[in-house]
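Encoded as structure tokens, the structure appears first; notes follow it.
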Ligand SMILES: [Zn+2]
């Protein structure tokens with residue numbers, strides 16, 4: 001079961017990936033993590049990656065696909081995996097498909113979690129963090145707001161609001177997502193493996209829709 005999740009920021013992609021990981025005993029593979037762990041290894045490919053990164057250059061699609069190929073050959077991926085942060089372009093999607101075909105593998109589901117910009121934005125602008133215990137609250141959500149206005153329930157100290165968590169910054173990220181992902185949605189839709197998921201309600205509802213499709 002090979003899954004790709006596409007979603008704008010604050011649509012609940014991270015949470016859904018965690019739930020799927022547990023429920024189906026499949027790992028989440030993040031290309032960022034793969035690159036980071038390559039800097040700690042000594043094999044030929046890792047050394048090459050380290051040298052590219054040290055020169056401040058971008059690691060090519062071919063190398064990233066090689067990393068993914070090695071990773072999905074590992075034992076814990078035998079039931080499948082969730083790919084995070086990849087592919088981002090049609091070119092990457094095509095090369096990834098070629099590699100999967102070579103190893104007699106394929107993508108089973110691409111879930112696009114859709115969410116209205118205003119709903120996602122209110123999740124972001126309401127976000128507050130306790131600087132002491134790092135617990136995350138949301139003053140715009142009945143389930144996640146602190147008991148006392150702007151104080152951590154546990155530490156009783158004032159919650160922090162990150163400067164980037166504002167509507168304007170969010171709108172830019174949301175629009176960038178739409179622009180970047182629209183061609184991919186089309187690409188996977190044509191292959192009949194794309195499913196639109198309504199992410200506007202909550203995480204349980206998002207998961208329920210995905211589970212119904214998988215099961
Ligand atoms: Zn706290």
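Worth a mention:
- The range 122-135, residues that are away from the ligand (no atom under 16 Å from the Cβ) and either over 25 Å from residue 83 (Cα atoms) or at pLDDT 95 or above (or both): 122, 125, 126
- Among the candidates 168, 180, residue that is over 21 Å from the mean Cα position of the chain (by Cα), away from the ligand (no atom under 16 Å from the Cβ) and assigned to a helix (DSSP H, G or I): 168
- Number of the condition not met by residue 138 [criteria: (1) within 16 Å of the ligand (Cβ to nearest atom); (2) within 23 Å of residue 210 (Cα to Cα)]: (2)
- The one condition in (1) part of a loop (DSSP other than H, G, I, E, B); (2) away from the ligand (no atom under 12 Å from the Cβ); (3) surrounded by 14 or more Cβ atoms within 10 Å (Cβ to Cβ) that residue 146 fails to fulfil: (2)
- Sole exception among (1) outside any helix (DSSP H, G or I); (2) modelled with pLDDT under 95; (3) more than 15 Å from the ligand (Cβ to nearest atom) for residue 119, by number: (1)
- Cβ separations smaller than 8 Å between residues 6+ apart or across chains give the following pairs from the range 122-143 residues that are within 15 Å of residue 167 (Cβ to Cβ) to residues that are in a helix (DSSP H, G or I): 124/167; 124/170; 125/167; 125/170; 138/123; 140/122; 140/123; 140/125.
- Between 114, 186, 104, the distinction of being away from the ligand (no atom under 16 Å from the Cβ), surrounded by 13 or more Cβ atoms within 10 Å (Cβ to Cβ) and either in the same structural domain as residue 84 (by TED's automatic domain parsing) or under 20 Å from residue 88 (Cα atoms) (or both) belongs to 114 only.
- The combined condition, being crowded, with 16+ Cβ neighbours inside 10 Å, touching a residue at least 12 places away in the same chain (Cβ under 8 Å), over 18 Å from the mean Cα position of the chain (by Cα) and away from the ligand (no atom under 16 Å from the Cβ), is not fulfilled by residue 174.
- Residues in the range 9-64 that are within 17 Å of the chain's Cα centre (by Cα) and not in a helix (DSSP H, G or I): 9 in all.
The values are calculated or read from the model by the stated rules, or taken from the named source; none is laboratory data. Note that the coordinates shown come from a computational prediction; the quantities given were computed from them, not determined experimentally. Here the Cβ is made from the backbone with ideal geometry for all residues, glycine too, and neighbour counts use every protein chain on show.
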